[in-house]
Each structure stands twice: as C-alpha cells, then as structure tokens.
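Below is one structure, written out as structure tokens, with a few remarks after it.
The values are calculated or read from the model by the stated rules, or taken from the named source; none is laboratory data. Being a predicted model, the structure only gives us computed values, none of them experimental. Note that each Cβ is placed from the backbone with ideal geometry, even for glycine, and that neighbours are counted across all protein chains shown. The accessibility values were calculated without ligands, DNA or RNA, using every heavy atom of the protein model including side chains. Shrake-Rupley method; radii C 1.70, N 1.55, O 1.52, S 1.80 Å.
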Amino acid sequence: MNSAGPQATMPVTQRPDGDRARPGPNEEVRLAVEQASYAYAAAGREAPLFTLEATSFQARQRELVAILGPNASGKSTLLQLIAGALKPLSGRVQLDGFETSRLDPRTRAQRIAVVQQESSLLFPMRAWEYVLQGRHPYGRGLRFETEEDCAIVENALQQVGAEHLRDRWVNQISGGEKQRVTLARALAQQPLLLLLDEPTLHLDIGAQVGLLQRLRQLAEENRYTVVVVTHELNLAAEFADQAVLLHRGKCLRVGSPAEVYNRELLEQVFEAPLEVEIGPEGRPRVTVRVKRTASAG
C-alpha cells in the first residue's frame with residue numbers, strides 16, 4: 001500500500017466568522033510548478049502550434065487551486081504538465097520534491113489522480129466495479145481484489161455521497177451521479193494530488209455547487225491538494241484558495257481570487273464587459289454588464 005497516502009482525518013480550523021481557514025504558511029508545500037513551459041510542435045513548420053510560456057505557482061496540502069482562462073489558453077496543457085503526462089520544455093513540476101514526469105507509471109498513479117471531462121466505458125459495469133479500477137496501481141499482476149481494496153472502494157463511495165449507487169450500472173445513472181462515481185474512483189487511488197479537468201461540465205448549478213463543496217471538504221479532511229480547471233469564475237472565487245489565470249499561453253496572474261479578479265484584466269482575457277464586486281467575506285463576484293436600450297413607445 002502507499003504509506004505516503006492521506007489516511008488520517010485532519011480537523012478543520014475555523015475562523016471566528018465560521019468561514020474555512022486557508023492553509024497557513026507553515027503548511028507543507030506539496031506541488032511546485034517552477035517556470036514550466038511546453039510547446040506543441042507541428043510537422044514541417046518552424047513555429048509551434050501552441051506554446052505555454054513559463055508558469056510558476058505552489059500549492060500546499062488542503063489547498064484548492066483553480067486554473068482559469070478562456071478556451072485555447074493552455075489550461076489543459078498545464079494540467080497535463082502537473083500530472084506528469086507531459087515533460088516540460090523548460091522548468092519543472094515537482095510533487096513532494098519528485099518531478100512528476102520522471103515518476104514511473106505505477107508510482108505516478110498512486111500519487112496523482114486525474115478526473116477527465118469525459119470518462120468513457122469500454123463495457124457495462126456497476127459503480128463499485130468502476131471505482132475498483134482506482135485500485136489497479138496497487139495490484140501485482142493478475143489478482144482478485146482484496147478485502148482492503150473493497151473497504152477502500154466502499155469508503156470512497158461514501159466520501160462522495162454515492163454509496164447508494166454502488167450496484168447501479170454506470171451507463172444508466174445521471175451525469176451528476178456519474179461525476180460522483182468518477183471522483184470516487186480517483187479517491188480509491190489514495191492520491192496526494194487530485195486533478196480535475198472541467199469537472200462541472202454538463203452539470204446543473206446545484207450539482208456544480210455540490211461538487212465544489214465536496215472537493216473543498218475532501219481537501220481539508222484528507223489533506224489532498226486539489227487542482228481544478230474551470231470556466232466557472234464565480235464558483236472558483238467561492239471555493240478556491242488560489243487562482244491561476246491563463247490567456248493565450250501566458251500566465252497573467254497567480255494569487256487569491258481577490259488578488260486575481262481585476263475587472264480590467266478579466267475584461268481583457270474574456271473579451272466581455274464585466275463587473276467585479278468584493279463580498280463581505282472578501283471573495284469576488286463577477287457579473288456581466290449589459291447595456292439595455294430604451295424601448296420606443
């Protein structure tokens with residue numbers, strides 16, 4: 001088993017106003033992205049098709065980081081660099097001091113779990129079988145699941161509130177339910193780092209909020225580091241500790257949502273007239289400014 005995996009439940013410190021406490025300066029840095037860049041080459045062309053320029057940020061245990069930006073800004077490329085699926089052209093990405101792209105596949109799968117936008121099924125299976133796939137990095141050759149594997153699967157389903165789905169066919173459940181089961185499969189890997197690419201895609205607003213609340217709770221209780229790629233500016237502002245803003249392959253700003261959500265900057269990036277207001281808890285709220293024409297009458 002992965003002895004480095006988050007096993008214990010950690011108490012969540014609360015501020016007097018009841019809001020969650022952000023990871024403190026003494027919290028251990030888990031993920032370090034240091035001047036990491038990448039370029040997609042094109043056959044027969046001198047210039048690359050797309051370049052993600054040098055990007056840097058750090059994330060601690062129990063921290064949720066949102067990667068923001070419009071389409072074709074480099075969000076998924078950055079996520080793949082963090083996952084170790086791509087090797088940086090320059091710079092490095094380290095998880096607990098180890099470069100993610102240099103980890104062998106088994107070790108990487110034990111330390112990093114990735115939840116993609118879409119998870120296709122090769123053949124029908126029940127939810128608990130689907131979640132059991134998360135235990136494959138711990139297997140040794142051909143073998144049946146152990147009692148420990150089954151206990152971890154049941155716990156993962158419970159953590160995401162999907163224990164009632166354990167015997168349902170995955171191809172017969174709703175999009176929101178499948179997202180929970182897919183997240184449970186990632187938790188069954190017992191990772192240190194949890195990466196999600198557009199996890200709220202195709203979900204209604206209630207399911208979106210529920211998913212982000214659950215990710216926030218999982219990060220705090222299990223000391224996960226969570227990185228989420230998303231277009232949802234207001235959800236990121238509400239639940240993220242840090243935001244990384246990308247635009248056309250450039251990292252424009254890194255910091256708390258209140259530090260990143262500058263109106264002029266967001267208008268430039270998303271090419272829309274916006275308003276940014278800071279709420280009583282210090283978290284920004286973005287709205288679209290709409291010009292209304294007076295009706296003739």
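General observations
- Unique match (being acidic (D, E) and under 23 Å from the mean Cα position of the chain (by Cα)) among D96, D167, D149: D96
- Some residue of the range 268-275 being in a strand (DSSP E or B), open to solvent by less than 20 Å² (accessible area, probe 1.4 Å) and within 16 Å of H231 (Cα to Cα): yes
- Selection count where residues are in contact (Cβ under 8 Å) with a residue 60 or more places away in the chain and either among the hydroxyl-bearing types (S, T, Y) or open to solvent by less than 10 Å² (accessible area, probe 1.4 Å) (or both), scope the range 33-52: 3
- Counting the residues of the range 90-141 that are farther than 23 Å from I152 by Cα, hydrophobic (A, V, I, L, M, F, W, C) and not in a loop (DSSP other than H, G, I, E, B) gives 3.
- Leading residue by the ranking (farthest from V115 (Cα to Cα)) among those in the range 197-254 that are assigned to a helix (DSSP H, G or I) and of a type in the set (S, T, N, Q): N234
- When residues of the range 77-123 are limited to those that are more than 25 Å from T182 (Cα to Cα) and in contact with an Asp or Glu (Cβ under 8 Å, 6 or more places away or on another chain), the one least open to solvent (accessible area, probe 1.4 Å): V93
- Top-ranked residue in the range 53-75 [being touching a residue at least 60 places away in the same chain (Cβ under 8 Å) and more than 17 Å from V254 (Cα to Cα); ranked as surrounded by the most Cβ atoms within 10 Å (Cβ to Cβ)]: R62
- In this structure, E145 qualifies as in a loop (DSSP other than H, G, I, E, B), surrounded by fewer than 20 Cβ atoms within 10 Å (Cβ to Cβ) and not small (G, A, S).
- In the range 244-267, the residues that are out of contact with any strand residue (DSSP E or B) (no Cβ under 6 Å at 6 or more places or on another chain) and open to solvent by less than 30 Å² (accessible area, probe 1.4 Å): L246, H247, G255, S256, L265
- Some residue of the range 156-173 being part of a helix (DSSP H, G or I), in contact with a strand residue (DSSP E or B) (Cβ under 8 Å, 6 or more places away or on another chain), open to solvent by less than 60 Å² (accessible area, probe 1.4 Å) and under 30 Å from T287 (Cβ atoms): no
- Residue count, the range 43-63 (criterion: at pLDDT below 95 and part of a strand (DSSP E or B)): 2
- Any hit, the range 73-90, residues being modelled with pLDDT under 80 and under 22 Å from L245 (Cβ atoms): no
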